[in-house]
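To start, the structure itself, in C-alpha cells.
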Amino acid sequence: MMPSASDIQERRAIEALRSGVPNRDAVRALGSVQSRIEERFREQLLASREGFSQERQAVGLLISGDFGTGKSHMLEYMKHLALEQNFVCSSVVVSKETPLYDPAKLYRAAIQAAVVPGKRGAALNVIAERFNFNAPAYAALFRLVNQGDVELNSRFGATLFLFEKINDQEIRDRIISFWSGDPLRVGELRSWLRSYGEAATYNLEHVSARDLFLQRFRFTPRLIVAAGYAGWVLLIDEVELIARYSFRQRARSYGELARWMGRLEGETLPGLSASLAITSDFRAKVLDERNDEEAIPGRLRASGLSTDSRLAGEAEKGIRSIVRDAVPLQPMRDDAIERTRELVRGIHGRAYHWDPPPLDGGQRLITTSMRQYVRRWITEWGFTRLDPQYAVKMVSDPMTVDYGELPDLEIPPEDSRDPGEDTAGIDG
C-alpha cells in the first residue's frame, strides 16, 4: 500500500529527528519545553514591532546549550512562532560559505532562505508583489529613502522610484535582484532615471560593497514592513564556528555578533530582530582559555590604526554579549524526557501504522543529550518493527566541539570596490 500524504509527513519528521536536523514537521509535532526562551522571544518580537516607528532595533536573543541539547530545534520553533505573527523569517547556519564576519555573504544567505508567511517563492519577489503604492506604509518608506532621513545610498531611493514608475517586468526583476544582493551598473541605472527626467535627482554616490550590503540590511526590513508584514526575523545557528577563524576574522565576527544583538551604537536596524545560538562552553574554551576577551581588543588597539581601534570596540561589545546576554537552555527534566519520548512514539506509530512498545526508562544518563535519546528511541523502534525478537544494543560516544583555528575555513570577504561601478566610476 502506498503511504498517504500524512504518512509521508510523519516519516519526514522521523527522519529529521533521526538525523538531528529539525524540520517543520518535527518541530510542529514536538513543540518546545523551553518556556523562558519562548517568552523572551515573544517579547523580542513585540519590541521589534513597537520600536520600528521609533527607529529602534530590538535587542537580540542569544541562546546557549551543549551539543545536541536542542538549540537548532529551538531556533526552528522560534521561526514558526514568528511566521504566525506575520514576520518574514530567515534561518542561516554559519559555515565556510556563510561566515559571520562577511555581511555580504550573510545577507545573500538570509535572502535566499527567507520565508514569507503563507507564501511560497523568492521572498523579495513575493514582497514586491504586495506593494500598494497608495498605502501609508509605502509612502512612509518612499519619503524615508528619498529625503535622506536615513543613512542609505541613493541607489535605494532611485530603484524604489523606478520600481513604482516602470512597467517593464524585466527591469523590475533587475531591481529586485539588486535588492537581493546582485550588482547593478551605475550607467544602466542612470539611463533608466534619465528616461523619467530624474538623472540629476539621484547622485548614486560611491559606496563599498561591504557598506552597500550593510545598507541592504537597513533597507530590506523597511521594504518588508511597507508590504504589510511585521518585520524581518534573522535566526543564526552554529555561531561557535567563529572560534575556528583566524585572529582578525574572529574579531570581525564578534563585531558582527554585536550588530545582530543590537549593541552597536548608531547602527541600528529597525524592523530587523535577530536570534542566535552558540555552544555553552564557548566562553570557557575560547574567551577564557584562548583569552579572546582580552587579547583581541588589546592587539587591535596596539596597532595604533583608527580602523583597528573601532573594530576593537565592536568586538568588545560582541564578546560582552556572549558573556552577559546568553540565555542557557533549561536542562531536560525527567518529565520532559518522558513527554518527548511519548510524542516521538506517537509520530513513529502514525508513520508506520503500528504500536511502538514502551521503552525501558532506565537508560537515562546525565551525559546523554536529547538528540542521543531521540536517535536511540527511533533506532530501537525501527529494528523492533521489523523483527520484534531482535535485541537492540547501542553504544554512543559523546560529541565534542573542536574550537581550534582552521585557516581553510576562511574565504575572503566581498571586494571593497564600488559594486556595479562603470570603468571610470561615471556614466559612460
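The values are calculated or read from the model by the stated rules, or taken from the named source; none is laboratory data. On a predicted model such as this, the values are computed, not experimentally measured, just so you know. FYI the Cβ positions are ideal-geometry reconstructions off the backbone, even for glycines, and counts take in every protein chain you see. Heads up: the accessible areas ignore ligands, DNA and RNA and are worked out on the full protein's heavy atoms, side chains in. Shrake-Rupley method; radii C 1.70, N 1.55, O 1.52, S 1.80 Å.
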- Can Val59 be described as modelled with pLDDT of 90 or more, open to solvent by 40 Å² or more (accessible area, probe 1.4 Å) and of a type in the set (Val, Ile, Thr)? yes
- Item | Residue among Arg324, Arg320, Arg333 that alone is closer than 24 Å to Ser246 by Cβ and open to solvent by 40 Å² or more (accessible area, probe 1.4 Å) | Arg320
- Task: Working only within the stretch 126-143, note down all residues that are under 26 Å from the mean Cα position of the chain (by Cα) and touching a residue at least 60 places away in the same chain (Cβ under 8 Å).
- Result: Ile127, Ala128, Arg130, Phe131, Ala137, Tyr138, Leu141
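For (1) in contact with a helix residue (DSSP H, G or I) (Cβ under 7 Å, 6 or more places away or on another chain); (2) among the aromatic types (Phe, Trp, Tyr); (3) without any contact (Cβ under 8 Å) to a residue 40 or more places away in the chain, each residue gets a yes or a no:
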residue: Arg49; (1), (2), (3): no, no, no
residue: Gln57; (1), (2), (3): yes, no, no
residue: Lys71; (1), (2), (3): no, no, no
residue: Leu83; (1), (2), (3): no, no, yes
residue: Val88; (1), (2), (3): yes, no, no
residue: Ser91; (1), (2), (3): yes, no, no
- Given (1) open to solvent by 30 Å² or more (accessible area, probe 1.4 Å); (2) touching a helix residue (DSSP H, G or I) at 6+ places or on another chain (Cβ under 9 Å); (3) assigned to a loop (DSSP other than H, G, I, E, B); (4) not hydroxyl-bearing (Ser, Thr, Tyr), where does Glu293 come up short, assuming only one miss? (3)
- Task: Considering each residue of the stretch 44-56, count those that are surrounded by fewer than 19 Cβ atoms within 10 Å (Cβ to Cβ) and closer than 17 Å to Ile236 by Cβ, and give that number.
- Result: 0
- Run down Leu276, Leu343, Leu305, Leu272 and say which single residue is open to solvent by 50 Å² or more (accessible area, probe 1.4 Å), among the hydrophobic types (A, V, I, L, M, F, W, C) and in contact (Cβ under 8 Å) with a residue 12 or more places away in the chain. Leu343
- Message: Looking at (1) modelled with pLDDT under 75; (2) among the polar types (S, T, N, Q); (3) not in a loop (DSSP other than H, G, I, E, B), which one does Thr379 not meet, given that it meets all the others?
- Response: (1)
- Task: Consider Ala336 carefully, then state whether it is modelled with pLDDT under 95 and out of contact with any strand residue (DSSP E or B) (no Cβ under 8 Å at 6 or more places or on another chain).
- Result: yes
- Message: Looking at the stretch 6-39 only, could you name the residues that are assigned to a helix (DSSP H, G or I) and within 19 Å of Ser90 (Cα to Cα)?
- Response: Arg24, Asp25, Ala26, Val27, Arg28, Ile37, Glu38
- Message: Would you confirm whether or not the stretch 354-365 contains a residue that is surrounded by 14 or more Cβ atoms within 10 Å (Cβ to Cβ), part of a helix (DSSP H, G or I) and modelled with pLDDT of 75 or more?
- Response: no
- Message: Condition first: at pLDDT below 75, buried (at least 16 other Cβ atoms within 10 Å of the Cβ) and of a type outside the set (Asp, Glu). Now tell me which residues in the stretch 25-43 satisfy that.
- Response: Ala26, Val27, Ala29, Leu30
- Task: Please determine, by comparing only the residues of the stretch 62-96 that are in a helix (DSSP H, G or I) and among the acidic types (Asp, Glu), which one is least open to solvent (accessible area, probe 1.4 Å).
- Result: Glu76
- Item | Filter result for Leu235 (on the phi < 0 side of the Ramachandran plot, open to solvent by less than 20 Å² (accessible area, probe 1.4 Å) and not in a strand (DSSP E or B)) | no
- Message: Tell me whether the stretch 249-261 contains one or more residues that are part of a loop (DSSP other than H, G, I, E, B) and open to solvent by 30 Å² or more (accessible area, probe 1.4 Å).
- Response: no
